[in-house]
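Asks: Below is the structure I would like to discuss, written out as structure tokens.
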Amino acid sequence: MFDLSGKCALVTGASGDIGNAIAKALHARGATVALSGTRTEPLEKLKAELGERAFVTPANLSDMDSCVQLIKDAEAAMGQIDILVNNAGLTRDGLAMRMKEEDWDTVINVNLKAAFKLSQAVLRGMMKRKTGRIIGITSIVGVTGNPGQANYCASKAGMIGMSKSLAQEVASRGITVNCVAPGFIATAMTDVLDDAQHEKLNASIPAGRMGSVDDIAGAVVYLASDEASYMTGQTLHVNGGMAMI
Amino acid sequence: MSDVADRVKKIVIDHLGVDEAKVTETASFIDDLGADSLDTVELVMAFEEEFGCEIPDDAAEKIQTVKNAIDFIEANQG
Ligand SMILES: NC(=O)c1ccc[n+]([C@@H]2O[C@H](COP(=O)([O-])OP(=O)(O)OC[C@H]3O[C@@H](n4cnc5c(N)ncnc54)[C@H](OP(=O)(O)O)[C@@H]3O)[C@@H](O)[C@H]2O)c1
């Protein structure tokens, strides 16, 4: 089960915590991986760790031409893309009344528009081969909302709607489009919280703890696998029971 | 019949799985040959590959019949 030997996966945001874990998990199941991000140093480090079947394909996803170029680069490196994981994402938080238009645009462009451009460009090859997986990393707050994150929540909700539309368009061609929505995941970002903050946070999660990056990677491996071929247009919520949707 | 016409018809027959007799020059992919909109996108991709040309989106939208495809390709082949 969940064997990905012979499959080629492009993971955006592989220089970040969750993307790193996703790339490792896909690779461990036998996939060849193309690692993307803007910072090449962590990408090269991950590639060295993985050894064979790993390529570094940097790109700045705030530029739409770079998105199209990234698909070309990854296809050139690996031969084809069977699995696209749209994981790159950023936040520019602020109360809506104070939010700068630029912060709205940056978040929507990288989190949503780039994911669309990458999906659009990758579909051509997938349609031809009549198989493919597009997986978006959205967020629990894309469904619940969160004060101070109007831009981020809009981008993550947008990703879910986009995935449902794409899923309907290409389902007859053996291509599935799904999302994984993490809750609170322990990353470098949450390491800075003190014990009291951690306790308060954990109390709001029925599982009593934050999720790990591997919890997210496991969901991605499942959606990428042949076993998930009848699953499309869905969002897997991986949040320790914080929101049951 | 020109070479382009033969090759276009072969792609249409293969892709849509329709009877050769139905693939006349005036046949519309959607109305006469049972294609859906995604099939027409795939047909254009197949034409691009077969003839090594790029069919821009606005031209692709106008390719609705076998003849439209043959005409575009003949006009744009180097
Ligand atoms: N951590 C959580 O609790 C949590 C919860 C819900 C959802 N998520 C989602 O999970 C995904 C990964 O998050 P993470 O926690 O791993 O965050 P992270 O460590 O900050 O990683 C973010 C990744 O996105 C990439 N990225 C940002 N802007 C980019 C741009 N303009 N062009 C190309 N790449 C860009 C970064 O690449 P560079 O650094 O190389 O630029 C980095 O690899 C994100 O979509 C996030 O919204 C996270």
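The values are calculated or read from the model by the stated rules, or taken from the named source; none is laboratory data. As the structure is a prediction and not an experimental result, all values here were calculated from the model. All Cβ positions, even for glycine, are placed from backbone atoms using ideal geometry, and neighbour counts span all protein chains on display. Surface accessibility is based on the protein's heavy atoms, side chains included, excluding ligands, DNA and RNA. Shrake-Rupley method; radii C 1.70, N 1.55, O 1.52, S 1.80 Å.
Asks: Scan the stretch A:107-120 and give yes if some residue there is at negative phi, free of Cβ contacts under 8 Å to residues at least 24 places away in the same chain and of a type in the set (S, T, N, Q), otherwise no.
Replies: Within the stretch A:107-120, one or more residues are at negative phi, free of Cβ contacts under 8 Å to residues at least 24 places away in the same chain and of a type in the set (S, T, N, Q).
Asks: Looking only at the stretch B:38-56, which residues are more than 14 Å from chain A (Cβ to nearest Cβ) and part of a helix (DSSP H, G or I)?
Replies: Hit for the stretch B:38-56 is B:Phe51, nothing else.
Asks: Output the residues belonging to the stretch B:18-32 that are among the small types (Gly, Ala, Ser) and open to solvent by less than 30 Å² (accessible area, probe 1.4 Å).
Replies: B:Ala27, B:Ser28 - these are the residues of the stretch B:18-32 that are among the small types (Gly, Ala, Ser) and open to solvent by less than 30 Å² (accessible area, probe 1.4 Å).
Asks: Something else now. Taking A:Leu112, is it farther than 30 Å from A:Gly6 by Cβ, open to solvent by 20 Å² or more (accessible area, probe 1.4 Å) and part of a helix (DSSP H, G or I)?
Replies: Answer is yes for this residue.
Asks: Six or more apart or on different chains, Cβ atoms under 9 Å: show the pairs whose first residue is in the stretch A:160-173 and away from chain B (no Cβ under 14 Å) and modelled with pLDDT of 95 or more and whose second is open to solvent by 20 Å² or more (accessible area, probe 1.4 Å) and part of a helix (DSSP H, G or I).
Replies: Cβ pairs passing all conditions: A:Ile160/A:Val143; A:Met162/A:Leu112; A:Met162/A:Phe116.
Asks: Can you work out which of the residues in the stretch A:80-105 that are assigned to a helix (DSSP H, G or I) and surrounded by fewer than 17 Cβ atoms within 10 Å (Cβ to Cβ) is farthest from the ligand (Cβ to nearest atom)?
Replies: So, considering only residues that are assigned to a helix (DSSP H, G or I) and surrounded by fewer than 17 Cβ atoms within 10 Å (Cβ to Cβ), the one farthest from the ligand (Cβ to nearest atom) is A:Met97.
Asks: Conditions first: (1) within 14 Å of another protein chain (Cβ to nearest Cβ); (2) open to solvent by less than 80 Å² (accessible area, probe 1.4 Å); (3) part of a loop (DSSP other than H, G, I, E, B). B:His15 passes all but one, so which condition is the exception?
Replies: With (1) within 14 Å of another protein chain (Cβ to nearest Cβ); (2) open to solvent by less than 80 Å² (accessible area, probe 1.4 Å); (3) part of a loop (DSSP other than H, G, I, E, B) applied to B:His15, the lone miss is (3).
Asks: Being under 17 Å from A:Asn239 (Cβ atoms) and surrounded by 10 or more Cβ atoms within 10 Å (Cβ to Cβ) is the filter; apply it to the stretch A:190-205 and report the residue that is modelled with the highest pLDDT.
Replies: It comes out as A:Ile205.
Asks: Next question, about the same structure. So which residues in the stretch A:164-187 are in a helix (DSSP H, G or I) and open to solvent by 60 Å² or more (accessible area, probe 1.4 Å)?
Replies: A:Lys164, A:Ser165, A:Gln168, A:Glu169, A:Ser172
Asks: If you scan the stretch A:42-79, which residues turn out to be touching a strand residue (DSSP E or B) at 6+ places or on another chain (Cβ under 8 Å) and either away from the ligand (no atom under 12 Å from the Cβ) or within 21 Å of A:Ser163 (Cβ to Cβ) (or both)?
Replies: Of everything in the stretch A:42-79, those that are touching a strand residue (DSSP E or B) at 6+ places or on another chain (Cβ under 8 Å) and either away from the ligand (no atom under 12 Å from the Cβ) or within 21 Å of A:Ser163 (Cβ to Cβ) (or both) turn out to be A:Lys47, A:Leu50, A:Arg53, A:Ala54, A:Phe55, A:Leu70, A:Ile71, A:Asp73, A:Ala74, A:Ala77, A:Met78, A:Gly79.
Residues checked against (1) within 16 Å of the ligand (Cβ to nearest atom); (2) free of Cβ contacts under 8 Å to residues at least 40 places away in the same chain:
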{"residue": "A:Ile134", "(1), (2)": "yes, no"}
{"residue": "A:Val143", "(1), (2)": "yes, no"}
{"residue": "A:Asp195", "(1), (2)": "no, yes"}
{"residue": "A:Ala217", "(1), (2)": "yes, no"}
{"residue": "A:Leu223", "(1), (2)": "yes, no"}
{"residue": "A:Gly233", "(1), (2)": "no, no"}
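Asks: Quick one: which of B:Ala69, B:Ala35, B:Ala59 is more than 13 Å from every other protein chain (Cβ to nearest Cβ), modelled with pLDDT of 95 or more, in contact with a helix residue (DSSP H, G or I) (Cβ under 7 Å, 6 or more places away or on another chain) and open to solvent by less than 70 Å² (accessible area, probe 1.4 Å)?
Replies: Selected residue: B:Ala69, the only one of B:Ala69, B:Ala35, B:Ala59 that is more than 13 Å from every other protein chain (Cβ to nearest Cβ), modelled with pLDDT of 95 or more, in contact with a helix residue (DSSP H, G or I) (Cβ under 7 Å, 6 or more places away or on another chain) and open to solvent by less than 70 Å² (accessible area, probe 1.4 Å).
Asks: From the set of residues in the stretch A:210-245 that are hydroxyl-bearing (Ser, Thr, Tyr) and under 21 Å from A:Val170 (Cα atoms), which is least open to solvent (accessible area, probe 1.4 Å)?
Replies: A:Ser225
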